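Chemist: Below are the structure tokens for one structure; questions will follow.
The values are calculated or read from the model by the stated rules, or taken from the named source; none is laboratory data. Please read all numbers here as calculations on a predicted model, not as lab measurements. Please note: Cβ atoms are built from the backbone with ideal geometry, for glycine as well, and neighbour counts cover all protein chains shown. Surface accessibility is based on the protein's heavy atoms, side chains included, excluding ligands, DNA and RNA. Shrake-Rupley method; radii C 1.70, N 1.55, O 1.52, S 1.80 Å.
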Amino acid sequence: MKALPHLLLATALATCPGIFPAAVWAEDLIIGFTLDADTLDPANHRKRETETIIRNIYDGLLTRDANMLVVPEIAESMTQVSATEYDFKIRSGIKFHDGSTLTAEDVKFTLDRITVEGAMGGQTSPRQGLMGPVASVEVTSPDTVRITLKEPWPILPAMLPNQQIVSKAFVEKVGNEGLATMENGTGPFKLVEWRKGDAVILERFDDYYGGAADIAPVGKACVDRVIFKVIPESASRVAALLAGEVQIINELPAFSMAQVEANDGTQVMTVNGTRSFFIAMNMEGEAFDDIKVRQAAALSIDKDLIIDKILAGTAAPIDGILSPDAFGASELPKAGYDPEKAKALLVEAGFPDGIDITMDTEGAFKDTAEAVASMLTKAGIRTTVVVGEGAQLSDKWRTKGAPKSGDMYFTSWGNGSLDPFDIFTPTHRTNDRGNSAGYANPALDALLDAAAVELDVEKRRGMYREAELMINADQPYVYLWVPKDIYGVSKRVTGWQPSADSRINLHDACLN
């Protein structure tokens, strides 16, 4: 059966806001996806779900394969000219979706838009921090762009896959506001329609240059269309997959894995994740400014039990912020599980009758947070879970330099580069954007700053080891686990595998 024309597709979407009938969409690959995109502007978001959609439309200078190896994409090659200079030779003949040719000027414009203060119509890109100490971006020849750093920053190549290249002419034509809802990328798919809150409909770009030469097969996308169908509720996503109405779902609950595996037409696919879960304890408050109370909280939680019973064994416990797979991660002293010792520490801290606290979290984590709260309560830290909306909680806990107003925050932070720079520094450096514990340690700040620019790999690894030992001793957070990313996948899907950076790259996905 051939895919429906655009108009018929849009009509069907408008009249059937629920799950799509499988027979109607036989030529389309449908993803049951947890969240809608916040924007289609590659420079104006900080959410993985938004980036997953955008990266099927736009490509970057560099990308990662499914094994997290950084490889050239729009760039044909990268040359490190000096400790602070990198040259990128741009592939010839790459077309934007409107048929215009990508140039080095587009690359410079894109990176300036991200790194220069106020470059987005007076707004500074929220992705600026992902580009570290970039001083300038210059076109040095018709096919070469040079990025110059203010100081050595060895992880520039690891961070560049997070930035997608836009068309200078298109942005100047539609403006920053237009780029939020329209696109002109160079990726394998182009936008047909974005029905906010319902679906993002994409179709194959037949003039696609093929993508990264190191990721086979190189060429245009396999399927005619891709639809990101927004299905926030887990049970509904699972039901859609089992019914054959969608072919891939993200965030498959661990408790649904057996059901998906038992179904003839579906399977479970997993990959080691890069998102660390932890509980921030407000060190600016009256209880958690005492390390004994923070230690008591850590001793109250049986991480292994939760991983086994609630997460179905699909997570790795952590005793610091880094994933076991991250650069610089090392074996750390374990807090262990000892509720009686936790009670004794509360007494020593002046709380013989325990304490009453609230723990904020998002709705997606409510069940797990309540299991954690039950353990804390049994150890004398009587905990009530309060569910909030993500943006509101970020304002409350992650407003840079602002006082904290809560007790505990059950949350997570992604580390798609698997480098400490983009998880350790934001969550632990004084007044940084992810420091929801209000932790301040000048010695740690200096160590993190020095590690960020250290070029000697082994010396840098040792610096992060020292930093991990510091935070393990200070316990500003209860470090919990790094879950695997779990997907439910139709057996009709071939050529696709999940990636540890949570990207759902559909360029090579086929339906049989």
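Chemist: What is the local net charge at T63, summed over the other residues whose Cβ is closer than 14 Å to its Cβ (Lys, Arg +1; Asp, Glu -1)?
Modeler: Around T63, the surrounding residues sum to -4.
Chemist: Further, regarding this structure: Based solely on C-alpha atoms, express the radius of gyration and the Dmax of region 342-487 in angstrom.
Modeler: My reading of the Cα-based Rg and Dmax gives 16.8, 51 Å.
Chemist: Ok, one more. Evaluate the relative contact order of region 102-204 (contact order divided by residue number), counting alpha-carbon pairs under 8 angstrom at least 6 apart; express in whole percent.
Modeler: Across region 102-204, relative contact order equals 22 percent.
Chemist: Output the peptides 166-175, 348-357 sorted from most to least packed, where packing is the average of other Cβ atoms within 10 Å over each peptide's residues.
Modeler: 166-175, 348-357
Chemist: Now for a different question. Given the options C222, F255, G187, identify the residue whose Cα lies farthest towards the positive end of the charge dipole of region 157-278 (+1 on Cβ of Lys, Arg; -1 on Cβ of Asp, Glu).
Modeler: G187
Chemist: Determine the equivalent ellipsoid of region 313-403 by diagonalising the alpha-carbon gyration tensor, then write out the semi-axes as square roots of 5 times the eigenvalues, largest first, rounded to whole Å.
Modeler: 24, 22, 15
Chemist: Over 30 Å between Cα atoms: which of K303/K459; K150/K459; K150/K196 fall into that group?
Modeler: Cα-Cα > 30 Å for K303/K459; K150/K196; rest within.
Chemist: Roughly how large, in nm² to one decimal, is the mean projection of the convex hull of the alpha-carbon atoms in region 64-130?
Modeler: Result: 6.4 nm².
Chemist: If you don't mind, there's one more thing I want to ask. Equivalent-ellipsoid semi-axes (√(5λ), Cα gyration tensor) for region 92-231, whole Å, largest first?
Modeler: Working: eigenvalues 141, 75, 48 Å².
Values for region 92-231, descending: 27, 19, 15 Å.
Chemist: What list of ³J(HN,Hα) couplings, whole Hz, do you get for region 59-69 from phi and the Karplus terms 6.51, -1.76, 1.60, once you set θ to phi - 60° and write x for glycine and proline?
Modeler: After applying 6.51 cos²θ - 1.76 cosθ + 1.60, I find 10, x, 4, 10, 9, 10, 7, 5, 9, 6, 6 Hz.
Chemist: Shifting gears a bit: So what is the 222 nm mean residue ellipticity for the chain from helices alone, if each DSSP H run of at least 4 adds -39500 (n - 2.57) and you divide by all residues, rounding to the nearest 500 deg cm²/dmol?
Modeler: My calculation for the chain gives -8000 deg cm²/dmol from helical runs alone.
Chemist: Right, something else. Dipole size in debye (nearest 20) for region 430-502 around its Cα centre, Lys and Arg Cβ +1, Asp and Glu Cβ -1?
Modeler: Magnitude of the dipole: close to 580 debye.
Chemist: Same structure, new question: Give me the extension gain from K196 to D112: residue separation times 0.36 nm, minus the current Cα-Cα distance, reported in nm with one decimal.
Modeler: Using 0.36 nm per residue and subtracting the Cα-Cα distance, I get 27.3 nm.
Chemist: Using θ = phi - 60° and the Karplus curve 6.51 cos²θ - 1.76 cosθ + 1.60, what whole-Hz ³J(HN,Hα) does each residue of region 143-150 get, with Gly and Pro shown as x?
Modeler: So the Karplus estimates, Gly and Pro as x, are 10, 9, 10, 10, 9, 10, 9, 6 Hz.
Chemist: Let me ask another. With no solvent and one point per C-alpha, what does the Debye sum give as log10 I(q)/I(0) for region 301-359 at q = 0.14, 0.25, 0.29, 0.30 Å⁻¹?
Modeler: For the requested q values the scattering log ratios are -0.59, -1.04, -1.13, -1.15.
Chemist: With charges only on Cβ, +1 for K and R and -1 for D and E, what is the dipole size of the chain about its Cα centre, in debye, rounded to 20?
Modeler: That gives a dipole near 500 debye.
Chemist: Can you list residues from other chains, or at least 5 along the same chain, whose modelled amide H is less than 5 Å from the amide H of T103?
Modeler: Amide H to amide H, under 5 Å and 5 or more residues apart or across chains, T103 pairs with nothing.
Chemist: So if each residue of separation counts as 0.36 nm, and I subtract the Cα-Cα distance between D207 and E151, what length gain in nm does that give?
Modeler: Numbers: separation 56, 0.36 × 56 = 20.16 nm, distance 3.92 nm.
Stretched out fully, the D207 to E151 stretch lengthens by 16.2 nm.
Chemist: Students often check this: by mean Cβ neighbours within 10 Å, which of 304-315, 274-285 ranks highest, and how do the rest follow?
Modeler: 274-285, 304-315
Chemist: Right, another one. When only alpha-carbon atoms count, how far does region 260-382 stretch along each of its three principal axes, as whole angstroms with the largest first?
Modeler: In descending order, the Cα extents are 58, 32, 25 Å.
Chemist: Under 21 Å Cα to Cα from K168, which lysines show up? Leave out anything in the same chain fewer than 8 places away.
Modeler: Those lysines meeting the cut-off are K89, K95, K108, K190.
Chemist: Here's another thing I want to ask about it. For a protection proxy built on the mean count of beta-carbon atoms within 10 angstrom, sort 263-270, 444-451 highest first, please. Can you show the working numbers first?
Modeler: On the way: 263-270: 15.6, 444-451: 17.4.
In decreasing order of mean packing, 263-270, 444-451 become 444-451, 263-270.
Chemist: Given a 1.4 Å probe and every protein chain left where it sits, what share in percent of the accessible area of the chain is carbon and sulfur?
Modeler: 51
Chemist: Among residues other than A254 whose Cβ falls under 13 Å from its Cβ, what is the net charge (Lys/Arg +1, Asp/Glu -1)?
Modeler: Taking every Cβ under 13 Å from that of A254, the sum is -3.
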